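Read through the structure below, which is laid out as C-alpha cells, and then see the notes.
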Amino acid sequence: MKLKPSLSINAERLHARIGELAQIGKIGDTGVCRLALTKEDREGVELVRSWMEKAVMKTRIDPFGNLIGVLEGRNAAAPVLMLGSHVDSQPYGGRYDGVIGVLGAIEAVQTLVESGIQPEMNIEVVAFCDEEGCRFNKGLFGVRGMTGKLEDGELERTDKHGMTRREALLEFGCDPAEIESYVFEEGRIATFLELHIEQGPVLEAMGQPIGIVSGISGPVWWTVEMTGFAGHAGSVPMPMRQDALVGCAKVIVGLNELAKEISDAPTVGTVGSLSVFPDSRNIIPERVSFTVDFRDIELVRRDRLEERLRTLIEEACREHGLTYTIREDTRSEPRFCADWIKGLLSQEAAEMNLAPPELMSGPFHDSLTMSYVCDYGMIFVRCKEGISHNPKEYAAPEDIELGAELLYRAAKKISECKRGDAHG
Ligand SMILES: [Zn+2]
C-alpha cells in the first residue's frame with residue numbers, strides 16, 4: 001500500500017468550485033450544456049473570473065472571448081508560464097472536461113499566493129473560448145485567436161440559428177473590431193501546462209489515477225467513395241457482380257486489422273460513417289461513401305499504415321471491379337510534449353509517491369495549438385470507463401486532487417526558474 005501524498009492545494013475548495021460551476025447550464029443530475037459565447041458560458045466565465053480575483057490575479061477578457069487571469073511575477077517582462085484549458089461544453093456534456101484544467105490552474109496559483117511565493121515570471125491562467133467547436137463547427141477558436149492562427153471568414157461562420165460568430169462575440173461583450181488589429185507577440189509565452197481528463201479508458205485499465213501525456217496524435221481524415229454497378233439482387237450471378245459495399249466491407253475489416261497489428265502501439269483506425277447508394281434491399285450496391293479516421297503518435301508508423309491502407313483499397317477495388325476516389329479532409333501532424341516538462345512532471349510525481357505512466361492523447365486539446373508557439377506539457381486524470389462528452393462523464397475527486405497537486409508542483413518549480421522553461 002502506497003502512502004497517500006500530502007497535498008499543498010486546498011482540495012475541498014477545488015471540489016466545491018467544480019460543483020458550483022456545474023450548476024450553470026446544468027442538465028439532468030450530472031450534465032452541463034454551456035455552449036461557447038452563450039448566456040450560460042458568460043455566466044460561467046464570470047464565476048471563474050471571481051475565483052481568479054480571489055487568487056489575486058488581474059483579469060481581462062480578450063477580443064477572442066478568452067478569460068485571462070495574471071499573477072504578477074518579479075520580472076513582468078519575462079516570457080510567461082501559462083496554465084489553463086476551457087470551460088465551454090458540448091450540448092450534452094460533462095462537468096469535468098476542460099473545467100478541471102482551469103479550476104486546477106486557479107487552485108495552483110492560489111496555493112502559490114497563500115504560501116507567500118512570488119513567481120519569477122508572470123503566470124497567466126486562461127479559460128480559452130470555444131474549445132469544443134460544436135456551435136460554429138470549428139473548435140479551438142480562442143486559443144487560435146490568441147496565437148494569431150485564425151483563418152479567413154471565421155467571424156462569419158454561423159450557428160444553427162443563423163447567428164454569426166461576430167454577433168455572438170458582440171453579445172458576449174467582446175469587440176470583434178479589435179481582432180483585425182491583433183498581433184500575437186512571438187516568444188511571449190515560454191511554457192503551457194494543461195490538466196485534463198483523459199476522455200479514454202487507458203489509465204483506468206492500468207489502474208493509474210493520473211498520467212503524463214507524451215503528445216497529441218495526428219489524425220488523418222478521408223472520405224472514400226467506391227463505385228461499382230447496380231443490378232438486380234435476384235438475377236446477377238455472383239461472379240459477374242461489381243458490389244461496392246462488399247469492397248468497402250473488406251476495407252473496413254482490413255483497416256481494423258492494420259491498426260491492431262502492432263499490439264503495444266497506440267495506432268487507431270475507424271470507419272464511423274457510411275452511406276450506400278441506392279440503399280435498397282434488392283439492388284446490388286452501386287456506390288458507397290465512407291469516412292476513415294486514423295491516428296498515431298509516430299508519423300513514420302502512421303505513414304506506413306496509410307500506404308498499406310491505400311494498397312488495401314486498390315486491391316479491394318480490383319477484386320470487385322470498382323473504381324474509387326479518396327478525398328482528404330484533414331491531415332494533422334502529431335505534436336509531442338517537451339521532454340523537459342515530461343521529466344519534470346515525473347520527478348515531481350515521484351515526490352508524491354506516484355509513478356504516472358506516459359500515454360498519448362487521441363483527442364485534441366487547447367494544447368495542440370499552443371504546441372506551435374511554446375513548449376507544452378499535459379497531465380491526464382483517469383475518467384470512469386473513458387466516458388466523456390456525455391453527462392455520465394466522471395472523474396473521482398481523489399484523482400482530480402492528484403492531478404491538480406502535480407500541476408501546482410510543476411508550476412511552482414517552473415516559476416522559480418529565471419528562464420521560465422526550467423531547462424538550465
Ligand atoms: Zn476538453
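Separation of the stretch 363-402 and the stretch 127-183, taken as the distance between their Cα centroids, equals 23 angstrom. Other residues lying with their Cβ under 14 Å from the Cβ of PHE172 contribute a combined charge of -4, Lys and Arg counting +1, Asp and Glu -1.
The label-point distance for PHE336 and GLU257, in a model that sets each label 7 Å from Cα toward Cβ, rounds to 3.3 nm. In the chain, the calculated helix contribution to ellipticity at 222 nm averages -10500 deg cm²/dmol per residue, counting -39,500 (n - 2.57) for every DSSP H run with n ≥ 4. Reported value for the chain: 162 Å³ per residue, from the convex hull of its C-alpha atoms. A full extension of the chain between GLU180 and GLU151 corresponds to an added length of 9.3 nm, given 0.36 nm per residue minus the alpha carbon distance.
Note on GLN118/LYS250: beta-carbon distance plugged into 1/(1 + (r/R0)^6) with R0 of 60 Å gives a FRET efficiency of 0.40.
Centre-to-centre separation between the Cα atoms of the stretch 237-263 and those of the stretch 82-126: 47 Å.
Taken as Cα centroids, the stretch 282-354 and the stretch 1-79 sit 34 Å apart, rounded to the nearest whole angstrom. Packing-based ranking of 81-89, 239-247 yields 81-89, 239-247, ordered from highest to lowest mean Cβ neighbour count within 10 Å.
At full extension, GLU319 and SER50 could sit 90.4 nm farther apart than now, given 0.36 nm per residue minus the alpha carbon distance.
Modelled this way, with points 7 Å down the Cα-to-C-beta line, the labels at GLU43 and ALA77 are 4.5 nm from one another.
Given LYS260/LYS342; LYS39/LYS384; LYS149/LYS413; LYS149/LYS384; LYS138/LYS160, which pairs have Cα atoms separated by over 24 Å?
Too far apart for the 24 Å limit: LYS260/LYS342; LYS39/LYS384; LYS149/LYS413; LYS149/LYS384.
Considering only LEU169, LEU140, LEU345, give the residue with the highest GNM mean-square fluctuation for the chain, with springs between Cα atoms whenever their separation is below 10 Å. Top of the fluctuation ranking is LEU169. Once the Cβ-Cβ distance of LYS384 and HIS232 is raised to the sixth power relative to R0 = 41 Å, the FRET efficiency obtained is 0.20.
Contact order for the chain, expressed relative to its length and based on alpha carbon pairs under 8 Å spaced 6+ residues apart, stands at 23 percent. Short-range pairs are left out: with C-alpha atoms under 8 Å and at least six residues apart, the relative contact order of the stretch 19-58 is 29 percent. In terms of its C-alpha gyration tensor, the stretch 328-424 has an oblate overall shape, because the principal axis ratio a/c (a ≥ b ≥ c, square roots of the eigenvalues) is not below 1.5 and a/b does not outweigh b/c. Secondary structure note: in the chain, about 70% of the DSSP beta bridges are antiparallel.
Can you give me the span-like helices of the chain, meaning DSSP H runs with 20 Å or more of Cα extent along the axis and Kyte-Doolittle mean at or above 1.6?
None pass (Cα extent of 20 Å or more, hydropathy at least 1.6).
Distances longer than 20 Å among the Cα atoms of the stretch 218-331: what percent of all pairs is that? List each step's numbers first, then the result.
On the way: 2643 of 6441 pairs.
When all Cα pairs of the stretch 218-331 are counted, 41 percent exceed 20 Å.
If a spin label sat at a point 7 angstrom from the Cα of ALA205 along the line to its beta carbon, the backbone N atoms of the stretch 375-406 nearer than 18 Å would be those of 380-388.
The numbers here are math on the coordinates, done by the rules we state, and not lab data. What you see is a predicted model; the values in this text were computed from it and never measured. In this analysis, Cβ positions are derived from the backbone assuming ideal geometry, glycine residues included, and neighbour counts consider all displayed protein chains.
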